[in-house]
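The values are calculated or read from the model by the stated rules, or taken from the named source; none is laboratory data. Only a predicted model underlies this, so the values are computations on that prediction, with no experimental measurement involved. Here the Cβ is made from the backbone with ideal geometry for all residues, glycine too, and neighbour counts use every protein chain on show. SASA here: full protein model, heavy atoms, side chains in, ligands and nucleic acids out. Shrake-Rupley method; radii C 1.70, N 1.55, O 1.52, S 1.80 Å.
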Amino acid sequence: MNSVDFSHLNLQPALLENLRSLNYIEMTPIQAQSLPLILAGADVIAQGQTGSGKTAAFGLGMLQKLAVQSYWVQQLVICPTRELADQVAKEIRRLARAIHNIKVLTLCGGMPFGPQIGSLEHGAHIVVGTPGRIEEHARKGNLKLDKVDTLVLDEADRMLEMGFQESLDAIIENIPARRQTLLFSATYPPQIKSIAERVMQQPEFVKVASTHDTNSIDQRFYKITTQDERMQALRLLLAAFEHESALIFCNTKAETRDIVEFLVGFGFSVVALNGDMEQKDRDRTLVLFANKSTAIMVATDVAARGLDVDDLDLVINYQVAKDPEVHTHRVGRTGRAGSKGIACSLFSDNEAHRLAQLELTIDPILETTKLPDRRLLNNAPASPAMTTIQIDGGKKQKLRPGDILGALTGTDGIDGKQVGKIHMFPNSAFVAVDKHSVKKALTKLGTDKMKGRKFRVRHVRD
Ligand code: AMP
């Protein structure tokens, strides 16, 4: 038995059995370092990022000590964004599959308030949510925190960056001091140190080096001189590197809009993701990008947090990130799961010092590459192979992905190979189809009954 095998830990048999069925055999480095401490009841600060397996590290610690028969909120996980909260709740539910009746509730901003009150009245063991909404429910007395014995602050650095310090303080004030506090953060700036000192007791510190498989990510650096050249360089890189899904990082919301406007003008399939968007638009944008109906997304670091799209083939840094950890995090979004990825960074003389900092962490030493041939600009951008159909019915109408797939591929329908990802929401569903089959798919979905009734469908254009 390997010392990093989960079976080495003193976990409940049901949890271990479930881990085996999930094919989690060996612990990831962050799990191997933090889980024994977490299981021993210590407060732990763990520095590691999304993709490191951190959710299972705190999730298993939580589930091991949860008392299912006590029907009150015992554990609270606070995350910076709804996407991350949803992802975390999903992973905890997966880990909890073998234990019956564990109730995990998400409480996030941007979602209707009323139904959350109803869910809270029904009771929950674990609440996962975003700071503002949790605080509001706590303040209005809907959420009782006086029996919480485990608090997890996930991506704590982002929460502080997004200005959630006050909400966090207000929430933590209502949680008993006798508790276990776990703090996860990709970076460890002084503000995190200070919050840790205030809310944690003799925390243990665990750090996992944020390295990538250098074989799977091809990093390139391009020097530019003017702002205009930066925009043109973006066009060139997009033309030079074939991509189904490309993510462009920039520093401000205004920049996301400028870049999108510029690229749309040249016929690229591109959308912006920034903090100003309404939840509905944000959901739609993310779906179109994740299902490959939109090829390029332009985002700020904050907006892209928790983004659950893992097969990006191209990442472009419009500027070099201020912090090497952030750079590593951005770049690590490509080349996942053994696939090959390309990460391009544009920099000017003003950013040269950031490059020098990066050189301390990147191996091999970075080299500057020449921009691709300008003649590439004469080629029209490729358009995505997929397009999206929205169905005005979702989980609440008991519609399931299987119903949609069934209707699409039934008699006179389209081939299963022409159907892409299906995303379900409470009152709607989005399905990606090959763009050459969209007419047929629309007719089929518009005339066939699903769950005994017809639903309105429409073609979503970005
Ligand atoms: P996270 O960093 O928590 O977002 O986890 C990244 C991914 O790794 C998730 O899809 C997990 O399901 C998966 N994962 C976490 N721990 C393990 C493990 N020990 N073995 C295999 N997969 C894992």
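Could you please give the count of residues in region 103-119 that are in a loop (DSSP other than H, G, I, E, B), surrounded by 17 or more Cβ atoms within 10 Å (Cβ to Cβ) and at pLDDT 95 or above?
Here the count works out to 0.
Looking at the structure I just gave you, is ILE78 touching a residue at least 60 places away in the same chain (Cβ under 8 Å), in contact with a Lys or Arg (Cβ under 9 Å, 6 or more places away or on another chain) and buried (at least 24 other Cβ atoms within 10 Å of the Cβ)?
No; evaluated as a whole, the condition is false for this residue.
Can you confirm whether ASP146 is touching a residue at least 24 places away in the same chain (Cβ under 8 Å), touching a Pro at 6+ places or on another chain (Cβ under 7 Å) and closer than 19 Å to SER70 by Cβ?
Answer is yes for this residue.
Quick one: in region 47-61, of everything that is modelled with pLDDT under 95 and open to solvent by less than 20 Å² (accessible area, probe 1.4 Å), which residue is nearest to the ligand (Cβ to nearest atom)?
Applying the filter and picking the extreme gives LYS54.
Do you know which of the residues in region 13-33 that are touching a strand residue (DSSP E or B) at 6+ places or on another chain (Cβ under 8 Å) and touching a residue at least 60 places away in the same chain (Cβ under 8 Å) is most open to solvent (accessible area, probe 1.4 Å)?
Once the filter is applied, the top-ranked residue is GLN33.
Quick one: in region 1-29, which of the residues that are near the ligand (Cβ under 8 Å from one of its atoms) and in a helix (DSSP H, G or I) is farthest from PRO203 (Cα to Cα)?
Step by step, filter region 1-29, then rank; the result is LEU19.
Somewhere in region 255-267, is a residue assigned to a loop (DSSP other than H, G, I, E, B) and of a type in the set (Ser, Thr, Tyr)?
The answer is no; no qualifying residue exists.
All but one of (1) loosely packed, with under 15 Cβ neighbours inside 10 Å; (2) at pLDDT 90 or above; (3) of a type in the set (A, V, I, L, M) hold for MET386; which doesn't?
(1)
Confirm whether PHE262 is farther than 27 Å from THR285 by Cβ and either under 26 Å from the mean Cα position of the chain (by Cα) or touching a residue at least 24 places away in the same chain (Cβ under 8 Å) (or both).
Taking the combined requirement at face value, the residue does not satisfy it.
Examine region 417-428 for a residue that is open to solvent by less than 40 Å² (accessible area, probe 1.4 Å), farther than 26 Å from MET297 by Cα and not in a loop (DSSP other than H, G, I, E, B), and state whether such a residue exists.
no
Table: residues versus (1) under 30 Å from THR334 (Cβ atoms); (2) open to solvent by 80 Å² or more (accessible area, probe 1.4 Å).
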site: PRO189; (1), (2): yes, no
site: GLN201; (1), (2): no, yes
site: ILE217; (1), (2): yes, no
site: GLN227; (1), (2): yes, yes
site: LEU236; (1), (2): yes, no
site: ALA240; (1), (2): yes, no
site: GLU244; (1), (2): yes, yes
site: PHE249; (1), (2): yes, no
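Which of (1) in a helix (DSSP H, G or I); (2) surrounded by fewer than 14 Cβ atoms within 10 Å (Cβ to Cβ) is the odd one out, the single condition GLU136 does not satisfy?
Looking at each condition in turn, GLU136 falls short on (2).
Take residues that are open to solvent by 20 Å² or more (accessible area, probe 1.4 Å) and under 25 Å from GLY163 (Cα atoms) and tell me which of the helices (runs of 4 or more DSSP H) falling wholly in region 279-359 contain 2 or more.
Passing ranges, in order: 279-290, 301-304, 324-331.
Can you tell me which of (1) out of contact with any Asp or Glu (no Cβ under 9 Å at 6 or more places or on another chain); (2) surrounded by 18 or more Cβ atoms within 10 Å (Cβ to Cβ) is the one GLY141 doesn't meet?
All conditions are met except number (2).
Being away from the ligand (no atom under 14 Å from the Cβ), touching a Pro at 6+ places or on another chain (Cβ under 8 Å), outside the structural domain of MET277 (by TED's automatic domain parsing) and of a type in the set (A, V, I, L, M, F, W, C) is true for just one of ILE78, ILE117. Which residue is that?
Checking each option against the conditions leaves just ILE78.
Listed residues ILE134, ILE126, ILE195, ILE172; which is of a type in the set (Val, Ile, Thr) and either at pLDDT below 95 or in the same structural domain as GLU325 (by TED's automatic domain parsing) (or both)?
On inspection, the qualifying residue turns out to be ILE195.
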